[in-house]
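Have a look at the structure below before the remarks.
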Amino acid sequence: MVDTKTSMGKANLDVLADTLIDLAKNDRDILIATSDSRGSGRVTPFAEKYPQQIVEIGIAEQNLVGVCAGLASAGKKVFAISPACFLTARGLEQIKNDVAYSNNPVKVVGISAGVSYGSLGTTHHSLHDFAVLQAINNIDIVAPADNYETAQAVKASIDHPRPLYIRFGKKAMPDLYDVKPVFEIGKAIQVTPVRDEYDIALLAIGETVAPARDAGRLLEAKGLTSVVLSIHSLRPFDEHAVLDAVTRSKVVITVEEHSIHGGLGSRVASLLMEKGLYRPMHIVGIPDEHIITGSQTEIFSHYGLSAQGLEKTALDLLDKGTK
């Protein structure tokens, strides 16, 4: 049995609030706007400390994005915080036109993303956000994996010159890094030690990086080497890091809490095809079906997004790819 235990941190949303509280004490231009979601967005402490720097729009995502675009156009550093499932569906036209097309550097924050709402079902899942936002010009896309990446992403977002979407789940996340790496929007981070060659490349985004890292540990116990990348930025996309990891590996697995269509896996597959680089590959995500209802953990387990599920996928892919 491999020990996959690691130190646990907070929910990334709590780190978002903590970081903004710290930054806002010296910057009155930092504002938060929410759609009746200060509680679920964990920004109640921010509201209590800086009541003049938070705007409650109510359950009106389109209006939320429009108001934030106006505030950003006036020089405010504004975070539009709302559940990702509604923000990137109901508010999509405003994200496209008022934020991206109009080049207003709003920080669009999708909370409780992926299947974080669990048993509330499909209406509350955001499995489309990467796909629709990648199809819109001029908005960067970031999904931090742990507390460290979250704090660094929020700090980097303050003066980020372009519109930005930041995606968060709800649960407490394990710490991924003993030694804190340099964080830069658009630059992937290698979670595992650097080697000349690997058996498996595990390329993951957001909160699926932790099970990918744990799968790497399970595979290591079987004598297999893996490279695990935290691709926290879907745009700008770190093509160099992906191509380097894939070139050194026998097989490739992408991992995301998103539809298998239009997310990280599609982006990696497109890149490899364009570069003429072939490796046996599998996209692990949510398939094109009416998905099961259950907790986030149960959904992850069912669709192979757990460490054990990813280990099995890697072993099967290696077996097929080497025949």
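Just so it is clear, none of the values below were taken in a lab; they were calculated from the coordinates. Quick caveat: nothing in here was measured; it's all calculated off a predicted structure. Cβ: placed from backbone, ideal geometry, glycine included. Neighbour counts: every protein chain shown.
When you filter the trypsin sites (Lys or Arg not before Pro) in the range 80-142 for DSSP loop state and at most 15 other Cβ atoms inside 10 Å of their Cβ, nothing is left.
Here is the list for the range 181-224: GluC sites (Glu not before Pro) lying in DSSP coil, each with at most 15 other C-beta atoms within 10 angstrom of its C-beta, are E184, E197.
Report relative contact order for the range 1-142 in percent, whole number only (criteria: Cα-Cα under 8 Å, sequence separation at least 6). Don't skip to the answer; put the middle values down first.
Numbers: 206 pairs, mean separation 28.8, N = 142.
Result for the range 1-142 is 20 percent.
Counted over all Cα-Cα pairs of the chain, pairs farther apart than 33 Å make up 22 percent. The Kirkwood radius of the range 9-174, taken over pairs of alpha-carbon atoms, gives through the Stokes-Einstein law at 4 °C and 1.567 mPa s a diffusion coefficient of 84 µm² s⁻¹.
Think of each Lys and Arg Cβ as +1 and each Asp and Glu Cβ as -1; about the Cα centre, that makes the dipole of the chain roughly 200 debye. When the Cα positions of G223, T247, S301 are compared along the charge dipole of the chain, T247 comes out farthest toward the positive end, with charges on each C-beta of Lys, Arg, Asp and Glu.
Indicate the gyration tensor shape class of the range 189-318 (rounded, prolate or oblate), computed on the Cα atoms with a ≥ b ≥ c the square roots of the eigenvalues: a/c under 1.5 is rounded; otherwise a/b larger than b/c is prolate and the rest oblate.
oblate
Would you work out the charge dipole size for the range 9-174 about its Cα centre, treating the Cβ of every Lys and Arg as +1 and the Cβ of every Asp and Glu as -1, and quote it to the nearest 20 debye?
Numbers: 16 positive and 16 negative charges, 19 e Å.
Roughly 80 debye, rounded to the nearest 20.
Exactly which trypsin sites (Lys or Arg not before Pro) in the range 1-76 are in a DSSP loop and have at most 14 other Cβ atoms within 10 Å? Don't skip to the end; give the middle numbers.
Values: sites: K5, K10, K25, R28, R38, R42, K49, K76; in loops: K5, K25, R28, R38, R42, K76.
Taking the range 1-76 and a limit of 14 other Cβ atoms within 10 Å, the loop trypsin sites (Lys or Arg not before Pro) found are K5, K25, R28.
Would you mind checking the tilt of helix 61-73 against the longest principal axis of the Cα atoms of the chain, expressed as 0 to 90 degrees and rounded to 10? That works out to roughly 80 degrees. Within straight-line reach of K10, meaning a Cα separation under 21 Å, sit the following lysines at least 8 residues removed in sequence or on another chain: K49, K155, K170, K171, K180. What angle do you read, to the nearest 10 degrees and between 0 and 90, between the alpha-carbon axis of helix 209-220 and the longest principal axis of the chain? For 209-220 against the chain, the angle is about 10 degrees. Normalised by the number of residues in the chain, the mean separation of alpha-carbon contacts (under 8 Å, six or more apart) gives a relative contact order of 17 percent.
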